[in-house]
Amino acid sequence: MKVAGEHRFDASPEVVFNGLQDPEVLAATMPGCEKMEMVGEHQYEGAIKIKIGPVQGLFQGRVELADIDPPNGYTMKVDGKGGPGFVKATARIELVPDGDGTIMKYDGDAQVGGRIASIGQRLVDSSSKVIIKQSLEGLGATLAARAAASNEAPAASADDGSAEDSPDASEPAVTPDPVPAPSQAEFASRVAQEVVKDLVPKPVVIAIVVIVIALIAFFVFR
């Protein structure tokens, strides 16, 4: 399975690169992620709950970063397995300055096997797109919130140049919590949109597909 695309962040490459190395931020913004922790230099272990159609379960695995070139990018290797099957992937992440922001380009290959591969390539592809898109959107929102808090902190204590005049001047700046990942229902809705977009059938067939997927999502996620 080929995984490639790009995403724009309203933050510098340095800020984006640091966010991608923060396991707390990644765990909070990835849909279904229950754990993400650093276990060694450039090595992480995590657990993510996957629910795609009738297949659901917990994946546990390891992520290793190589060819690291801060803040321009790195190569990511993923090896995970669980009840739904297994996934092995290698991807190259590149961060390119774009005005006041950064464009992330990712290009990789993934091998999926087990029960999760039995549900069909189209649904697996669409679900992968949604997981990546929602994770990057969550990361972008978190980085934006932290940047806004950082910019507001000096203004809050800046008065006439005297730190004593501000009772909160000695207190550390508050770092906003990571933006939480989307719910299971939101994830199912986005998958439905991707499936319909990939199919591109006639209008009447589109309506039927949307209704069927909505009914399935209702009974699965209620």
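The values are calculated or read from the model by the stated rules, or taken from the named source; none is laboratory data. Not measured: the values here are computed from a predicted model. Note that we place each Cβ from the backbone using ideal geometry, even for glycine, and neighbour counts take in every protein chain shown.
Residues in the range 82-129 that are of a type in the set (A, V, I, L, M), assigned to a strand (DSSP E or B) and touching a residue at least 40 places away in the same chain (Cβ under 8 Å): Ala89, Ala91, Ile93, Leu95, Val96, Ile103, Met104, Ala110, Val112. Being at pLDDT below 95, aliphatic (A, V, I, L, M) and surrounded by fewer than 18 Cβ atoms within 10 Å (Cβ to Cβ) is a property that does not hold for Ala66.
The numbered conditions (1) at negative phi; (2) modelled with pLDDT under 95 are all true for Gly57 except (1). Looking only at the range 157-176, decide whether some residue is modelled with pLDDT of 55 or more and either surrounded by 15 or more Cβ atoms within 10 Å (Cβ to Cβ) or touching a helix residue (DSSP H, G or I) at 6+ places or on another chain (Cβ under 9 Å) (or both). Looking through the range 157-176, at least one residue is modelled with pLDDT of 55 or more and either surrounded by 15 or more Cβ atoms within 10 Å (Cβ to Cβ) or touching a helix residue (DSSP H, G or I) at 6+ places or on another chain (Cβ under 9 Å) (or both).
For Gly61, the requirement of being within 19 Å of the chain's Cα centre (by Cα), surrounded by fewer than 18 Cβ atoms within 10 Å (Cβ to Cβ) and either among the charged types (D, E, K, R) or in a strand (DSSP E or B) (or both) is not met.
When the range 1-54 is filtered for residues that are of a type in the set (D, E, K, R) and either out of contact with any helix residue (DSSP H, G or I) (no Cβ under 7 Å at 6 or more places or on another chain) or at pLDDT 95 or above (or both), the ones remaining, listed by number, are Lys2, Glu6, Arg8, Glu14, Asp22, Glu24, Glu34, Glu41, Glu45, Lys49.
Within the range 37-56, the set of residues being part of a strand (DSSP E or B) and either under 16 Å from the mean Cα position of the chain (by Cα) or touching a residue at least 40 places away in the same chain (Cβ under 8 Å) (or both) comprises Glu37, Tyr44, Glu45, Gly46, Ala47, Ile48, Lys49, Ile50, Lys51, Ile52, Val55.
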